[in-house]
1. Looking at 282, 306, which is the one that is within 15 Å of the ligand (Cβ to nearest atom), over 15 Å from the mean Cα position of the chain (by Cα) and open to solvent by less than 10 Å² (accessible area, probe 1.4 Å)?
2. Go through region 239-258 and count every residue that is within 12 Å of the ligand (Cβ to nearest atom) and open to solvent by 40 Å² or more (accessible area, probe 1.4 Å).
3. How many of the residues making up region 266-279 are among the hydrophobic types (A, V, I, L, M, F, W, C) and within 16 Å of the ligand (Cβ to nearest atom)?
4. Please pick out the residue among 83, 63 that is open to solvent by less than 70 Å² (accessible area, probe 1.4 Å), under 30 Å from residue 127 (Cα atoms), within 16 Å of the ligand (Cβ to nearest atom) and touching a residue at least 24 places away in the same chain (Cβ under 8 Å).
5. For region 26-46, state whether one or more residues are in a strand (DSSP E or B), farther than 18 Å from residue 167 by Cα and either in contact with a strand residue (DSSP E or B) (Cβ under 9 Å, 6 or more places away or on another chain) or open to solvent by 40 Å² or more (accessible area, probe 1.4 Å) (or both).
6. Can you name the number of the only condition in (1) surrounded by fewer than 21 Cβ atoms within 10 Å (Cβ to Cβ); (2) within 16 Å of residue 199 (Cβ to Cβ); (3) of a type outside the set (Asp, Glu) that residue 271 fails?
7. Are any of the residues in region 134-145 part of a helix (DSSP H, G or I), more than 16 Å from the ligand (Cβ to nearest atom) and surrounded by fewer than 17 Cβ atoms within 10 Å (Cβ to Cβ)?
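The values are calculated or read from the model by the stated rules, or taken from the named source; none is laboratory data. Note that the coordinates shown come from a computational prediction; the quantities given were computed from them, not determined experimentally. Note that each Cβ is placed from the backbone with ideal geometry, even for glycine, and that neighbours are counted across all protein chains shown. Note: accessible area is taken over every heavy atom of the protein model, side chains too, but ligands, DNA and RNA are not part of it. Shrake-Rupley method; radii C 1.70, N 1.55, O 1.52, S 1.80 Å.
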Amino acid sequence: MNPILPPFPHTRLRRMRRTAALRDLAQEHRLSVKDMIWPIFITDVPGADVEVPSMPGVVRRTLEGAVRAAEEAAKLGIPAICLFPYTDPAVKTEACEEAWNPENITNRVIRAIKAEVPEIAIMTDIALDPYNANGHDGLVRDGIILNDETVECLVKMGIAQAEAGADILGPSDMMDGRITALRSALEAAGHADVTILSYAAKYASGFYGPFRDAVGATGALKGDKKTYQMNPGNSDEAIRLVARDLSEGADMVMVKPGMPYLDICHRVKEQFGVPTYAYQVSGEYAMIMAAVKNGWLDHEKVMLESLMSFRRAGCDGVLTYFAREAAKLLGNG
Ligand code: PBG
């Protein structure tokens, strides 16, 4: 693919790096606010709308706060926000019924944002963990995660979110068969236009720790998620999962976490050429912010460089807790 270069000194690759103008002309990838999805945490638990200790600068928001955040995001040109609920431990059960309650915090926030900020796309999370007494993404019986029974719950949850007005459903549960089930149910319920961004290649990762604090799942989780989330030692399996989810009706796919799995992002985009997203997860954010707080890394530089890595790896976009700060620097373009 590369032309044969004449030998030095006729080839001097530093020539194109000499000035900012030349560097601009030679730049292959650019960051844009239009490629970002901003995850926000929401709650209706009194007093819980505070900063998440392991995620400096990230707060849980009330319904009203979520609407203001959506407004701010829309003004900054961020095309989508993604909602994650922190729920009252009292509503968590082993059957997880609150997950598909049309009046749960997520569904109320969707309706409120749709009424006041209709231009922003709303993405949701489909998994049972915020509503599950044992913190897992699926139903648990005798210590076993039940696949097919969980899928039935996820469908009810997704339909409730679609009815509330969600634009993008994000199944993050890693059960088998959930995309087919969701897609069929959406068609049958008159929601043929609702899109699915499948968390197709989601690894069993230690980088989700701060998120579990943010949604209040840390204390609840019994055991780990290795029987449904991927083994970090696998790469071919990610390709099979993406192929499977696309064949079942996913519109977009995601790799998660982000930076430790850029090789997977690259393989997925090269192989399928479909809208490919990465989730720069809570632990990645926490690592950067911890170093920034210590004065060890430069906030702006490292934030933007980390976001650029996703573009270079081939991602069409990224879910990132940095979306708002990055948007302020990048402008509304
Ligand atoms: C829940 C879910 C998780 C994340 C998004 N959805 C946590 C988990 O699977 O345990 C993690 C996001 C982050 O760490 O920022 N299914």
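1. Details: 282 fails: over 15 Å from the mean Cα position of the chain (by Cα).
None of the others qualify; the one that does is 306.
2. Within region 239-258, the subset within 12 Å of the ligand (Cβ to nearest atom) is 254, 256-258.
Keeping just the survivors that are open to solvent by 40 Å² or more (accessible area, probe 1.4 Å) gives none.
Looking only at that region, the number is 0.
3. So the first thing to find is which residues in region 266-279 are among the hydrophobic types (A, V, I, L, M, F, W, C), and the list is 268, 272, 274, 278.
Still in the list and also within 16 Å of the ligand (Cβ to nearest atom): 278.
Number of matching residues: 1.
4. 83
5. Within region 26-46, one or more residues are in a strand (DSSP E or B), farther than 18 Å from residue 167 by Cα and either in contact with a strand residue (DSSP E or B) (Cβ under 9 Å, 6 or more places away or on another chain) or open to solvent by 40 Å² or more (accessible area, probe 1.4 Å) (or both).
6. The number of the failed condition is (2).
7. First, pick out the residues of region 134-145 that are part of a helix (DSSP H, G or I): none.
No, that holds for no residue.
Residue-wise test of (1) touching a Ser or Thr at 6+ places or on another chain (Cβ under 9 Å); (2) within 18 Å of residue 45 (Cβ to Cβ).
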position: 75; (1), (2): no, no
position: 78; (1), (2): no, no
position: 86; (1), (2): yes, yes
position: 92; (1), (2): no, yes
position: 103; (1), (2): no, yes
position: 120; (1), (2): no, no
position: 126; (1), (2): yes, no
position: 130; (1), (2): yes, yes
